[in-house]
Amino acid sequence: MSIDHPSFGRIDPNRVIIFDTTLRDGEQSPGFSMNLAEKLRMAEALEELGVDVMEAGFPVASKGDFDSVHQIAQKVRNTVVCALARSGGRNDITSAGEAIRPAKRGRIHNFISTSPLHMKYKLRMEPETVLELIEAGNRASRQFTDDVEWSAEDGSRTDPDFLCRCVETAIRAGATTINIPDTVGYSTPEDMARIFTDLRTRVPGADRVIFSTHNHNDLGLAVANTVAALNAGARQVECTINGIGERAGNAALEEIIMVLRTRHDVLPYTTGIHTERLLRTSRMLSTITGFDVQPNKAIVGRNAFAHESGIHQDGILKNAATYEIMTPESVGWNRTSLVLGKHSGRAAFRDKLKAMGYENLEEAQFNEAFSRFKDLADRKKVIYDEDLVALVDDEVRDHARIRFVALDVTAGSRRPATADLVLDVDGARREGHAEGQGPVDAAFNAIRAIVAHDATLQLYSVGAVTEGSDAQARTSVRLEEDGKLVDGQGADADTLVSAVRAYVHALNKLLVKRDRAEPAALDA
Ligand SMILES: CC(=O)SCCNC(=O)CCNC(=O)[C@H](O)C(C)(C)COP(=O)(O)OP(=O)(O)OC[C@H]1O[C@@H](n2cnc3c(N)ncnc32)[C@H](O)[C@@H]1OP(=O)(O)O
Ligand SMILES: CC(C)C(=O)C(=O)O
């Protein structure tokens with residue numbers, strides 16, 4: 001059966017109205033207050049995202065809240081602009097009505113608690129008084145707009161018979177949307193199914209209104225409860241971007257939308273959301289509030305489409321559907337991200353090198369680079385592209401006759417630094433020991449002990465490839481021999497190993513020059 005709604009006209013039975021309350025309930029998260037300009041930017045983004053209703057604020061709360069609802073009502077044209085009001089508040093409904101006056105389509109959302117706990121201890125009202133205020137609040141709201149929503153605050157903990165009386169009263173007094181919030185996030189999906197089924201079958205006039213669900217996430221069930229309510233006949237969902245809201249937050253809009261889209265086989269509902277705008281809307285909210293979502297947040301978290309383990313990466317490269325139930329592009333990401341780390345395998349490593357332009361590595365070079373990458377990944381949390389460039393460049397050395405194998409250094413303030421170095425020279429393992437003015441000097445002297453040369457050190461500089469104390473060190477060394485200058489670079493999580501690699505790199509270049517003139521064996 002389709003419903004004739006004052007703001008939406010005839011609504012298809014499976015069309016779900018997306019009611020975004022980022023600017024009202026979302027803003028109630030401690031530390032998430034937004035100023036007028038920020039609210040206007042968010043409102044514009046929500047309109048572009050395609051939400052059907054945006055709850056822009058609680059006008060009686062402050063002049064700032066009134067002004068932002070009023071200005072959003074002036075600006076937004078394609079979305080219903082809604083203002084919150086207490087059903088029995090002294091000036092709430094007038095204030096809400098004035099605030100939404102400029103809206104092309106405006107809604108007043110009035111609410112009052114209906115649970116025994118809230119009525120007795122918070123409102124200090126008898127149930128009959130609450131019923132009177134429901135009646136009065138909805139009639140007053142209808143003076144300003146035909147689009148009136150009523151909420152039973154703490155509805156999920158309300159006596160079912162009394163809830164039916166409240167809803168019947170609200171419908172009779174002109175409410176066109178009936179919202180049953182799980183205000184404290186206490187319910188289970190089974191509770192939700194029971195509540196909505198009960199109301200829809202028992203309350204006279206239930207077939208003329210839209211039922212709405214508003215779930216808090218105190219037990220992590222907000223989205224599951226929302227889906228359960230839809231299956232029991234609710235056709236409006238209240239939610240926020242990134243799931244922000246009181247305490248543990250509200251049901252996250254992006255999660256609900258992608259549940260409906262991804263599991264359309266069993267959830268045959270439609271919405272007007274442009275899913276490819278989800279990520280940018282989430283990012284805009286994070287920028288405005290200063291709170292990032294956690295990396296593992298569904299849909300919009302940094303890791304939502306990132307894969308680090310080799311088996312998954314291999315599967316993704318063969319067919320993304322093996323490990324992705326929706327495409328990253330469908331929610332606004334550019335692409336799947338294969339994150340290289342200690343769990344990665346050769347397939348992802350090869351794919352990454354290819355993407356970085358290293359397509360023609362010989363198998364031996366590739367294997368060596370992969371083994372060094374694994375070694376680095378064991379020591380470093382995040383491997384950046386720059387790390388790989390440094391690592392592979394270090395490996396792809398023309399005519400590398402000398403190769404680094406191992407280094408042990410002792411250093412300190414009480415005795416000279418010493419270095420024990422192992423190099424592979426022309427395929428043979430060679431060991432050298434040396435002292436020095438410091439650990440770098442000792443390490444460079446150990447190179448001389450293994451490979452005799454007259455070159456002098458002209459430059460030695462070291463910097464971090466990326467940030468963090470576990471960043472790779474990138475070292476540059478310049479050697480001079482017979483007027484010839486050569487530069488070498490090295491990179492490693494260990495600064496001294498990085499220095500030796502740089503020196504060896506430069507030395508290899510010198511050998512190439514020497515060999516061209518006069519091939520010779522390398523002896524200490
Ligand atoms: C579940 C929700 O998210 S509901 C929305 C919650 N959001 C907010 O509260 C944010 C905005 N709130 C505010 O700015 C203020 O609380 C105001 C302006 C609404 C009220 O401020 P004050 O008059 O100072 O009251 P205060 O906040 O201390 O207490 C709330 C009062 O509202 C009453 N109240 C709560 N809900 C209702 C209601 N639906 N109808 C009538 N009165 C209500 C409470 O019983 C209490 O009344 P009391 O002062 O007589 O005991
Ligand atoms: C005002 C209502 C809808 C609310 O935010 C709640 O009960 O959580």
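Go over the candidates GLY310, GLY245 one by one and state the one that is more than 18 Å from VAL331 (Cα to Cα) and surrounded by 22 or more Cβ atoms within 10 Å (Cβ to Cβ).
GLY245
For the range 199-222, what are the residues that are within 22 Å of ASN110 (Cα to Cα), away from ligand 2 (no atom under 15 Å from the Cβ) and either in a helix (DSSP H, G or I) or small (Gly, Ala, Ser) (or both)?
LEU199, ARG200, GLY205, ALA206, ASP207, ARG208
Quickly run through the range 493-524 and pick out the residues that are under 22 Å from LEU376 (Cα atoms) and either at pLDDT below 90 or part of a loop (DSSP other than H, G, I, E, B) (or both).
If we filter the range 493-524 for residues that are under 22 Å from LEU376 (Cα atoms), which is where we start, we get 493-505.
Hits for the range 493-524 are ALA493, ASP494, HIS505.
Listed here are the residues, each with its yes/no results for (1) under 48 Å from the mean Cα position of the chain (by Cα); (2) more than 26 Å from ALA348 (Cβ to Cβ); (3) touching a residue at least 40 places away in the same chain (Cβ under 8 Å); (4) in the same structural domain as GLY310 (by TED's automatic domain parsing).
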| site | (1), (2), (3), (4) |
| --- | --- |
| LEU388 | yes, no, yes, yes |
| ALA406 | yes, yes, no, no |
| ARG414 | no, yes, no, no |
| ALA452 | no, yes, yes, no |
| ALA455 | no, yes, yes, no |
| SER461 | yes, yes, no, no |
| ALA464 | yes, no, no, no |
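Among the residues of the range 237-245, is any at positive phi, not polar (S, T, N, Q) and not in a loop (DSSP other than H, G, I, E, B)? Working first, answer last.
The initial filter retains those residues of the range 237-245 that are at positive phi, namely 242-243, 245.
With the extra rule that they be not polar (S, T, N, Q), the set shrinks to 243, 245.
Filter once more, so that each one left must be not in a loop (DSSP other than H, G, I, E, B): 243.
The answer is yes, given that some residue of the range 237-245 is at positive phi, not polar (S, T, N, Q) and not in a loop (DSSP other than H, G, I, E, B).
Which of the residues that make up the range 324-355 are assigned to a loop (DSSP other than H, G, I, E, B), open to solvent by 50 Å² or more (accessible area, probe 1.4 Å) and at pLDDT below 95? Give the derivation first.
Initial filter on the range 324-355 (assigned to a loop (DSSP other than H, G, I, E, B)): 324-327, 332-336, 339-345.
Checking the rest, the ones that are also open to solvent by 50 Å² or more (accessible area, probe 1.4 Å) come to 325, 327, 334-335, 339, 342-343.
ASN334, ARG335, VAL339, LYS342, HIS343, listed by residue number.
Go through the residues of the range 444-463 one by one and say whether even a single one is among the basic types (Lys, Arg) and more than 13 Å from VAL500 (Cα to Cα).
Residues of the range 444-463 among the basic types (Lys, Arg): 448.
Filter once more, so that each one left must be more than 13 Å from VAL500 (Cα to Cα): none.
No, every residue in the range 444-463 fails to be among the basic types (Lys, Arg) and more than 13 Å from VAL500 (Cα to Cα).
Based on what the data block shows, is GLU153 open to solvent by 10 Å² or more (accessible area, probe 1.4 Å), in contact with a strand residue (DSSP E or B) (Cβ under 6 Å, 6 or more places away or on another chain) and acidic (Asp, Glu)?
Details: open to solvent by 10 Å² or more (accessible area, probe 1.4 Å): yes; in contact with a strand residue (DSSP E or B) (Cβ under 6 Å, 6 or more places away or on another chain): yes; acidic (Asp, Glu): yes.
Yes; evaluated as a whole, the condition is true for this residue.
Just checking, which of GLU431, GLU480 is surrounded by fewer than 14 Cβ atoms within 10 Å (Cβ to Cβ) and in a strand (DSSP E or B)? Walk me through it before giving the result.
Values: GLU480 fails: surrounded by fewer than 14 Cβ atoms within 10 Å (Cβ to Cβ).
Result: GLU431 is the single residue among GLU431, GLU480 that is surrounded by fewer than 14 Cβ atoms within 10 Å (Cβ to Cβ) and in a strand (DSSP E or B).
Out of ILE134, ILE108, ILE112, I need the residue that is surrounded by 15 or more Cβ atoms within 10 Å (Cβ to Cβ), among the β-branched types (Val, Ile, Thr), in a helix (DSSP H, G or I) and within 16 Å of ligand 2 (Cβ to nearest atom). Which one? Walk me through it before giving the result.
Working: ILE108 fails: in a helix (DSSP H, G or I); ILE112 fails: in a helix (DSSP H, G or I).
Being surrounded by 15 or more Cβ atoms within 10 Å (Cβ to Cβ), among the β-branched types (Val, Ile, Thr), in a helix (DSSP H, G or I) and within 16 Å of ligand 2 (Cβ to nearest atom) holds for just one of ILE134, ILE108, ILE112, which is ILE134.
Restricting attention to the range 20-58, which residues are of a type outside the set (Gly, Ala, Ser), open to solvent by less than 60 Å² (accessible area, probe 1.4 Å) and near ligand 1 (Cβ under 10 Å from one of its atoms)?
Passing the criteria: THR21, ARG24, ASP25, GLU27, PHE58.
Determine, yes or no, whether LEU131 is out of contact with any strand residue (DSSP E or B) (no Cβ under 7 Å at 6 or more places or on another chain), over 26 Å from THR22 (Cβ atoms), within 13 Å of ligand 1 (Cβ to nearest atom) and modelled with pLDDT of 95 or more.
Yes: the conditions hold for LEU131.
The values are calculated or read from the model by the stated rules, or taken from the named source; none is laboratory data. In this text, all values refer to a predicted model and were calculated from it rather than measured experimentally. When we count neighbours, we look across all protein chains shown, and the Cβ atoms used for this are built from the backbone with ideal geometry, even at glycine. SASA here: full protein model, heavy atoms, side chains in, ligands and nucleic acids out. Shrake-Rupley method; radii C 1.70, N 1.55, O 1.52, S 1.80 Å.
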